[in-house]
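The values are calculated or read from the model by the stated rules, or taken from the named source; none is laboratory data. Keep in mind the model is a prediction, meaning the values are calculated, not measured. So basically every Cβ, Gly included, is an ideal-geometry build from the backbone, and we count neighbours across all protein chains shown. Accessible surface areas use protein heavy atoms only, side chains included; no ligands, DNA or RNA. Shrake-Rupley method; radii C 1.70, N 1.55, O 1.52, S 1.80 Å.
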Amino acid sequence: MSISGNQKAIMMKEKLNADFTKKGVFTGLFSGFTWGLNSVLLGLALSMIPVMGENVAIFAIPLAAACINDSFAGLWLLLYNGGAGRLKEVLRSLKTFPGQMVCVAALLGGPIANGGYLLGISLAGSAYALTITALYPIVGALLSRIFLKQQIVPRVWAGMLLSVVGAIVISYVPPEGVNSETFYLGLLFASLAALGWGAEAVLAVFGMSMIDPKVAINIRQLTSGLFLAIVILPIVGGWVVVSQVFTLPGTLGAFAIVGLAAAISYLAWYKANTTIGVAKGMALNGTYVMWGVIFSVVFLKSPLTQNLVIGSLLVVIGATLVAINPKEFFKKGEVA
Amino acid sequence: MADTLPLRFRMLHYVSTVKKASPDEIMKALKPEYGTEKQFTKKVFADHLLDMKANHILEDNDVELDDKGELLIYYSINDEGRRLLKKYLPKGWNQT
């Protein structure tokens, strides 16, 4: 092989890896876009549930919705994987340690983080709880740095920070004041949510170095849905809500569509995390806050506020900083 | 016989048993185990390899052009890949 031929081969390989990374960046953005869609659709589906009293509204309805969301997503993914001939892979993966770690990731990201998020909002108020939970990409990046030894360049840190600030600006609502003794407990639960989502991504990425992301996300959704259904819903009285939803075909259909959006979004998120690393994957997924509000403005005619415009701008600048990579992946290849 | 491994896991394991391997060589070696499955396509194998390279458990330093001028990448396992296999390869599977 002549030197020029070999050089051409190296250039072709570098282009292949760069294209693969680019695809990962778009997949990450797509996961944010579809997650924003999922949030808005979930809001619509929730409004179709009949009024069931204040106590049910605080915990039972949101957790039942999370359970239906994850279970439907798990079923859609079973169909998808079945069609692609990967059903056997689900069982094969569950028999291995990396596959079992994906189950642990599911519990951290599903019941624990979602539960913490809901409890945080109800005990500490949205202003504080949403601000704390918006930090989850930073938690994920830090954990991936420590446990997966993933390198994060200063540009990505800066972009992620801008995106997080943007997300906080978008979701900011004036605080109602510290007026209860449960306030700090609420902050603790909100922190648990950020930690849970961050840890989920890191554990899942560890697992996915040895198992297929498309299979991993199927395991994640089914584990989360089942655990919520069997363990959490009986505690919070959520089965009343689930049975109510099942008697209303329109509402059930709406939740099935919500679950489809969740399946697509999570599939993209897991794939992006494993292709471009947790820090970038999470930062790009974090653009969902912006997408969610844009969908609300366009389709639900929500007012376009100053906070939304400024926050979205910060998210876009931040995501661009995270995504655009001046040849750093080429360098990585040479060092390795 | 040990349980069948998930395809990505098995690919990593196979690469650990040879000095280097191209996607075609890996497919040929794993055909008896996975050949009848719908996921047994070159596209799927290439994607697994690119992901494992991105996760720094495989290397792709050995490249050349084939007779048709198309890129041929030979993947090899690195220390991190070996460490993962040593720790998490299920019983019944040998790491050589």
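Of these, A:ALA204, A:ALA141, which one is assigned to a helix (DSSP H, G or I) and within 14 Å of chain B (Cβ to nearest Cβ)?
Answer to the selection: A:ALA204.
Where the second residue is basic (Lys, Arg) and the first is closer than 19 Å to B:ALA54 by Cβ and lies in the stretch A:128-149, which pairs have Cβ atoms under 9 Å and are six or more apart or on separate chains?
What qualifies is A:ALA141/A:LYS280.
Condition check ((1) in a helix (DSSP H, G or I); (2) small (Gly, Ala, Ser)) across all residues:
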| position | (1), (2) |
| --- | --- |
| B:MET11 | yes, no |
| B:SER16 | yes, yes |
| B:ILE73 | no, no |
| B:ARG83 | yes, no |
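Provide a single number: the residues in the stretch B:30-50 that are within 10 Å of the chain's Cα centre (by Cα) and open to solvent by 30 Å² or more (accessible area, probe 1.4 Å).
Within the stretch B:30-50, residues that are within 10 Å of the chain's Cα centre (by Cα) and open to solvent by 30 Å² or more (accessible area, probe 1.4 Å) number 1.
Here are the criteria: (1) more than 14 Å from chain B (Cβ to nearest Cβ); (2) open to solvent by 70 Å² or more (accessible area, probe 1.4 Å). Tell me which single one A:ILE49 does not satisfy.
So A:ILE49 meets the others, but not (2).
Take the conditions surrounded by fewer than 18 Cβ atoms within 10 Å (Cβ to Cβ) and among the basic types (Lys, Arg) and apply them to A:ARG86. Does it pass?
No, not satisfied.
Scan the stretch B:14-32 and give yes if some residue there is at the interface with chain A (Cβ under 7 Å from one of its Cβ atoms) and in contact with a helix residue (DSSP H, G or I) (Cβ under 9 Å, 6 or more places away or on another chain), otherwise no.
no
Can you run down the residue pairs with Cβ atoms below 8 Å, 6 or more apart or on separate chains, where the first is in the stretch A:298-310 and among the hydroxyl-bearing types (Ser, Thr, Tyr) and the partner is surrounded by 13 or more Cβ atoms within 10 Å (Cβ to Cβ)?
Qualifying pairs under 8 Å: A:SER302/A:VAL293; A:SER302/A:SER296.
Yes or no, residue by residue, for (1) closer than 23 Å to A:ALA272 by Cα; (2) buried (at least 23 other Cβ atoms within 10 Å of the Cβ); (3) of a type outside the set (Lys, Arg):
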{"position": "A:THR21", "(1), (2), (3)": "yes, no, yes"}
{"position": "A:VAL25", "(1), (2), (3)": "yes, no, yes"}
{"position": "A:GLY32", "(1), (2), (3)": "yes, yes, yes"}
{"position": "A:SER39", "(1), (2), (3)": "yes, no, yes"}
{"position": "A:ALA64", "(1), (2), (3)": "no, yes, yes"}
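What single numbered condition from (1) modelled with pLDDT under 90; (2) crowded, with 21+ Cβ neighbours inside 10 Å fails to hold for A:PHE72?
If we test A:PHE72 against (1) modelled with pLDDT under 90; (2) crowded, with 21+ Cβ neighbours inside 10 Å, just (1) comes out false.
Of the numbered conditions (1) within 14 Å of the chain's Cα centre (by Cα); (2) open to solvent by 40 Å² or more (accessible area, probe 1.4 Å), A:ILE257 fails exactly one; give the number of that condition.
(1)
Looking only at the stretch B:33-45, count every residue that is touching a helix residue (DSSP H, G or I) at 6+ places or on another chain (Cβ under 8 Å) and within 9 Å of chain A (Cβ to nearest Cβ) and tell me the total.
4
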